[in-house]
Amino acid sequence: MSADPVVRSLPDPPNRRLGGAPPAAAAKVLGNYLRRQRDAHGLTIREIAPVIRASVSKISRMERGECTPTAADVWSLVRYYGVQDPDEIADIEELLRHVDAAPWAGEYSDVTPGWFRRLIGLEGAAARIQIWEGVVVPGLLQTPEYAEAIIRGGRYKKLSNQLQDIPRLVQQRMERQRILRSEKPPALLVLLDESVLYRRIGGAEVLLGQLHRLREAQLADDQVNVRILPIESGVTPPRSAFTYLSFDPSGPAEVVYVEQIQNGASYVSKDSEVESYRYMLDRLKMQVADRRASLGLIEKAIGWAGGEVSFDCRWSPVG
């Protein structure tokens, strides 16, 4: 049986296409390769699982790029599939190096759970990022003050229980925004419920600074598009925030990151489930205000928040 070379799915050398640190993207490409090898040999997941003494669910997650495969498991499967081409072997080795190169592995590793590291890796490899958020401004557009208020408020409390970690978590979020200033930044579309513009997270002054950040991004960056879902639209918005990540044609398949209260986040990669989120996004795009009108709604909120600041209206937690 002939092997299906990984080089066919990697028209560019992996170190050029994957960049310095998108392990989640490398895991996606590697998983897709292993699935194509299995399909080419006419084997089922259940038939392959004993090769590495794994469960069917583990093989399925590995092929979807939803878990970090060990080098031992990958090479066991590669040998089983009879892969011998030197260039192909070199590509697999390079992919494994990227999979192991966890982002933020140094300074922030102790405050970055695995599910969040995966999102950072996917963001770094994405060609387009589309976000729906109905409660807060997403992390990629947050100011330091706004981010600190959210972290202190407990939305991401599971990340750390130590007060001294808060400045590091804020700095990590600012570092994460570097992808918007990279040589090849992703196109970022943020769909926000209008109520987000009036939710005084951290107080009116912090909110005012955050609103100015949204306005500046909308005016100054063609790669960033902030669209507002007006309250008066009468639309019932999605209950959960989610991020839809798309990649270059030679990259991994589309994936959706969905925030959860209990387990941090989940990742959706099955075609049928991804399609449902794509449909939801398309519906939202038809219901949000256009770019110019959205800018007007942001400026209207700036006027309101500015009035709140002038009255010295401050927020304080209950209890």
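Accessible surface of R173 in the full protein assembly, 1.4 angstrom probe, to the nearest 10 Å²?
Its accessible surface works out to 20 Å², give or take rounding.
Given the Cα-Cα distance of R291 and A40 and 0.36 nm per residue of separation, how much length would full extension add, in nm? Could you put the intermediate results ahead of the total?
Numbers: separation 251, 0.36 × 251 = 90.36 nm, distance 4.66 nm.
Result for the pair: 85.7 nm of gain on full extension.
With each label point set 7 Å from Cα along the Cα-Cβ vector, what nm distance links R79 and Q177?
Calculated label separation equals 4.9 nm.
Full extension from A49 to E275: what is 0.36 nm times the residue separation minus their Cα-Cα distance, to one decimal in nm?
Values: separation 226, 0.36 × 226 = 81.36 nm, distance 2.81 nm.
Stretched fully, the A49-E275 segment lengthens by 78.5 nm.
Starting at the first residue of the stretch 209-222, write each ³J(HN,Hα) from the Karplus equation 6.51 cos²θ - 1.76 cosθ + 1.60 with θ = phi - 60°, in whole Hz, x for Gly and Pro.
x, 5, 5, 5, 5, 4, 5, 4, 5, 5, 8, 9, 10, 5
From zero outward in steps of 10 Å, how is the percent of C-alpha pairs of the stretch 223-282 spread across the bins?
Bins of 10 Å from zero give 18, 44, 32, 6, 0 percent of pairs.
Using the Karplus curve 6.51 cos²θ - 1.76 cosθ + 1.60 with θ = phi - 60°, what ³J(HN,Hα) values do you get for each residue of the stretch 183-197, in whole Hz, with x for Gly and Pro?
Along the stretch 183-197, the couplings run 4, 10, x, x, 6, 10, 10, 10, 9, 10, 5, 4, 4, 4, 5 Hz.
Name the residue from V258, T243, L207 whose Cα lies farthest towards the positive end of the charge dipole of the stretch 181-266, charges +1 on Cβ of Lys and Arg and -1 on Cβ of Asp and Glu.
Comparing the listed Cα positions along the dipole, L207 ranks first.
Apply the Karplus curve 6.51 cos²θ - 1.76 cosθ + 1.60, θ = phi - 60°, to the phi angles in the stretch 273-284 and return the couplings in whole Hz, x for Gly and Pro.
6, 4, 4, 5, 6, 4, 5, 4, 4, 4, 5, 5
Near K184, which aspartates and glutamates are there with a Cα under 14 Å away, not counting those fewer than 8 places off in the same chain?
E123, D221, D222, D248
Run the numbers for Y198 and I89: contour at 0.36 nm per residue of separation, minus the present Cα-Cα distance, in nm. Kindly include the intermediate steps, with their values, before the conclusion.
Numbers: separation 109, 0.36 × 109 = 39.24 nm, distance 5.43 nm.
Here the answer is 33.8 nm.
With the Cα gyration tensor of the stretch 114-233 giving a ≥ b ≥ c as the square roots of its eigenvalues, does the rule (a/c under 1.5 for rounded; else a/b larger than b/c for prolate; else oblate) give rounded, prolate or oblate? Write out the running numbers ahead of the final one.
On the way: a/c = 1.63, a/b = 1.07, b/c = 1.53.
Since a/c reaches 1.5 but b/c is at least a/b, the shape of the stretch 114-233 is classed as oblate.
The values are calculated or read from the model by the stated rules, or taken from the named source; none is laboratory data. Predicted, not measured: the structure shown is a model, and the values here were computed from it. All Cβ positions, glycine included, derive from the backbone under ideal geometry; neighbour counts span all protein chains shown. Remember, those area values only see protein heavy atoms, side chains included, never the ligands or the DNA or RNA. Shrake-Rupley method; radii C 1.70, N 1.55, O 1.52, S 1.80 Å.
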